[in-house]
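Okay, structure first, notes after.
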Amino acid sequence: MRVIAEVIEGLPPECRDLAGNALLNIAAEVVVQDVGCVEAGRIFARLADLLVRGLQPPMSGAISLTGFDA
């Protein structure tokens, strides 16, 4: 997510909100296509939980979201 943020920060101010939203939408669509709506919902819920706690995937490797399943 930091990479996306850095790219967006390099854009003109009037484009930043739209670009960030577009990139997030593209990523979400790819996840839904890969795993389906139900599993994507679970993944996004786990990701939201991590983000609320101030965690996010590091630049060198992603946090395994399935590792948080009970």
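Quick look at the numbers
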| quantity | calculated |
| --- | --- |
| Label-zone membership for region 1-20, site A48, 7 angstrom Cα→C-beta point, backbone N under 19 Å | 1 |
| Using θ = phi - 60° and Karplus 6.51 cos²θ - 1.76 cosθ + 1.60, couplings along region 20-29 (whole Hz; Gly, Pro as x) | x, 5, 5, 5, 5, 5, 4, 4, 5, 4 |
| With every protein chain in place, region 17-60: carbon and sulfur % of accessible area (1.4 Å) | 64 |
| Cα shape, region 1-59, gyration tensor, a/c 1.5 rule | oblate |
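The values are calculated or read from the model by the stated rules, or taken from the named source; none is laboratory data. Since the structure is predicted, the reported quantities are computational estimates derived from the model, not experimental observations. Ideal geometry is used to build each Cβ from the backbone, glycine not excepted, and the neighbour counts take in all protein chains shown. Please note that ligands, DNA and RNA were not included when accessible areas were found on the heavy atoms of the full protein model with its side chains. Shrake-Rupley method; radii C 1.70, N 1.55, O 1.52, S 1.80 Å.
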